[in-house]
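The values are calculated or read from the model by the stated rules, or taken from the named source; none is laboratory data. From a predicted model like this one, the values you see are computed outputs, not experimental measurements. All Cβ positions, even for glycine, are placed from backbone atoms using ideal geometry, and neighbour counts span all protein chains on display. Note: areas computed on protein heavy atoms with side chains; ligands, DNA, RNA excluded. Shrake-Rupley method; radii C 1.70, N 1.55, O 1.52, S 1.80 Å.
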Amino acid sequence: MQPTAAPAPAAPRRLFWRALIPLLLFAAIVWVAPRPAAIKPEGWRLLGIFVATIAGLLLEPIPGGALVLVAVTLSALLGGLTTEQALSGYSNESVWLVMAAFFISRALIKTGLARRIALFFVRLFGKTSLGVCYALSLSDMVLASIIPSNAARSGGVILPILRSIAELYGSLPGATAALLGSFLMTAVYQSICVTAAMFLTGQASNPMAAQIATTSFNYRVDWASWFVAGIVPGLCSLAVVPLVVYRLNPPEIKRTPEAAAFAVRELRAMGSLARGELIVLGVFLSVCGLWITSRWHGMDITVTALLGSAALLISGVLTWDDVKNEKTAWDIFIWYGGLLMLGKALNSAGVTTEFAKAVGAAFGGAGWITLLAIALPLYFYAHYAYASITAHILAMYSPFLAVLIARGAPLGLVVFAFACFTNLAAGLTNYGTTPSPMFFAHGYASLGRWWKVGAAVSLVNLLIWSTVGFGWWKLIGVW
């Protein structure tokens, strides 16, 4: 049936309301909400800009990068910041760490090395449907150690291989989805949410959480400390989550010898490692090795990543056109640097401190343990309202940390708990982070099944990370 033309005007109306709501929120905060005496008027206007920006990121009246650029401009006009202060986020080292990691990840994908890694794991473990899931999950884990875009590594590398394996067994969206594809789509997606929580580079917003912890709460988080904190609970989740999904959404095909054979054929077709792959592999291992040992040699991890990018450019594996055409990286550069600046400015203006005081007063004499037991699930399941891990971190991470730290909670515990749980919460829905609609759109699982699996896995992850995770962090001295 041909669609009618009548609904066409609805789009401009929706756009109007998406633009109006952030403006109304700004006006309500600046001119209606009572301003605490400890916060200056320009600090209160900064809060209005910040809240309007968060609402805009959720509603998207214009692209996120453009919206943040507007917010940066308004912070200089209305928020009492100098031009230098308003633009200071773009000189932040964590912004350039993300940029350099994106350039290295482009080389991994361009040369085919990322795909080779995934096929290698499928060849090793892909003889059963559960083994295929573990193989693809482990592949994503390895790539997450240096590729900060979960969309690039899972959507560009893992998902095509997953779909090819499902089709090998005639499992297509619709009547045959339950043969294999439905299980793989739901289980692998849940696993990539875990790998995003395991590394500083697991997802583009993780360095933002690390920077907030460093600048606002004086708790330094680097690649090595996040790796050590995330590896044990992360591996536990990667082991258990596919088993849970296997029970909830079992595949009809249990054994998949053709998947391993497919990987062997594809690897044979790729041939031996080409020059470009060897160079990228050397850069990959060198950068990760220097990140792991950064506390011993003292080299900044951003400098290490930039050196890796420079080596790829000098060797010709990456061209300058590759760098210029990395649109995702440059988009992140704009919104990431701007949001870092806004968060730092709000903290300097005393807004976060006042929020912590207000919430602390509302909970009376509750200790930090009770407050953490309430706050973590609230923070986690609030992600049902978010289509972006970035927006979730930006809106809730710093305030929740401030409240708990004011009540005496161990700094390291809350820094890692809320940072990691934001990534795990992305598994709740089919829109929780960028790869989720990419996986869901293939049509292998219904919306109800997707959400049912997400809800069940959320309980498993909460249990693992709040027991094994907290215990491990206690053992290694995080708290």
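A few notes on this one:
- Probing with 1.4 Å while keeping every protein chain in the model, the per residue accessible area of segment 337-413 equals 36 Å².
- Rounded to the nearest 20 debye, dipole of segment 66-202 from Cβ charges on Lys, Arg, Asp, Glu: 560
- Seen against the Cα atoms of the chain and their longest principal axis, helix 10-27 is set at about 40 degrees.
- Computed about its Cα centre, the charge dipole of the chain is approximately 660 debye, with only Lys, Arg, Asp and Glu carrying charge at their Cβ.
- Reference-scaled alpha-carbon Rg (2.2 N^0.38 Å with N residues) for segment 175-224: 1.72
- Rg/Rg_ref, segment 229-305, where Rg_ref = 2.2 N^0.38 Å and atoms are Cα: 1.68
- Applying D = kT/(6 pi eta Rh) to segment 406-446, where Rh is the Kirkwood radius over alpha-carbon pairs, T corresponds to 20 °C and eta to 1.002 mPa s, the Stokes-Einstein value obtained is 176 µm²/s.
- Extended-chain gain in nm, criterion 0.36 nm per residue less alpha-carbon gap, Arg268 and Ala66: 68.2 nm
- Segment Met438..Lys327, full-extension length gain: 38.1 nm, with 0.36 nm per residue of separation and the alpha-carbon distance subtracted.
- One equal scatterer on each Cα of segment 258-417, no solvent, Debye formula: the resulting log10 I(q)/I(0) at q = 0.10, 0.13 Å⁻¹ is -0.66, -0.92.
- For the peptides 289-300, 175-186, the ranking by mean Cβ contacts within 10 Å, running from highest to lowest, is 175-186, 289-300.
- Segment 163-288 gives an Rg/Rh value of 1.08, both radii derived from C-alpha positions and Rh following Kirkwood.
- Straight-distance candidates among the lysines for linking to Lys254, with alpha-carbon spacing under 28 Å and chain neighbours fewer than 8 residues away dropped: Lys127, Lys452.
- Alpha carbon centroid spacing (whole Å) that separates segment 141-187 from segment 400-468: 20
- Helix axis angle, 93-111 relative to the chain longest principal axis, alpha carbon, degrees: 20
- Degrees between helix 113-125 axis and first principal axis of the chain (Cα, 0 to 90, nearest 10): 60
- The largest accessible area among Trp226, Trp44 belongs to the first residue in Trp44, Trp226, and the rest follow in falling order (1.4 Å probe, all chains).
- Dividing the summed helix terms, -39500 (n - 2.57) for each DSSP H run of n ≥ 4, by the number of residues in the chain produces a 222 nm estimate of -22000 deg cm²/dmol to the nearest 500.
- Across segment 139-236, counting alpha-carbon atoms alone, Rg and Dmax equal 16.4, 54 Å.
- Candidates per GluC sites (Glu not before Pro) in segment 218-285, loop by DSSP, up to 14 other Cβ within 10 Å: Glu252
- Taking amide H atoms as placed 1.01 Å from N in the peptide plane, the amide H of Thr128 lies under 5 Å from those of Thr256, each 5 or more residues away in sequence or on another chain.
- Largest-first principal axis extents, alpha carbons of segment 19-108, Å: 51, 28, 19
- Candidate lysines - alpha carbon under 16 Å from Lys40, same-chain residues fewer than 8 apart omitted: Lys344
- Segment 337-479: radius of gyration over Cα atoms, expressed as a fraction of 2.2 N^0.38 Å: 1.14
- 10 Å binning of all Cα-Cα separations within the chain, expressed as whole percents from 0 upward: 4, 19, 29, 27, 16, 5, 1
- When you restrict to C-alpha pairs under 8 Å that are six or more residues apart and normalise by the size of segment 327-479, the relative contact order lands at 23 percent.
- Cα centre as origin, Lys/Arg/Asp/Glu Cβ charges: segment 313-428 dipole, Debye: 360
- Note on Arg275 and Leu124: the model spin-label points, each 7 Å out from Cα along the C-beta direction, lie 3.0 nm apart.
- Across segment 80-149, counting alpha-carbon atoms alone, Rg and Dmax equal 18.2, 62 Å.
- Evaluating kT/(6 pi eta Rh) at 25 °C and 0.890 mPa s, with the Kirkwood radius of segment 47-197 over Cα pairs in the Stokes-Einstein relation, gives 136 µm² s⁻¹.
- Cβ-based charge dipole, the chain, positive-most Cα from Ala269, Leu108, Trp291: Ala269
- Each peptide in 96-103, 136-143 gets a packing score, the mean of other Cβ atoms within 10 Å over its residues, and the list from highest to lowest is 136-143, 96-103.
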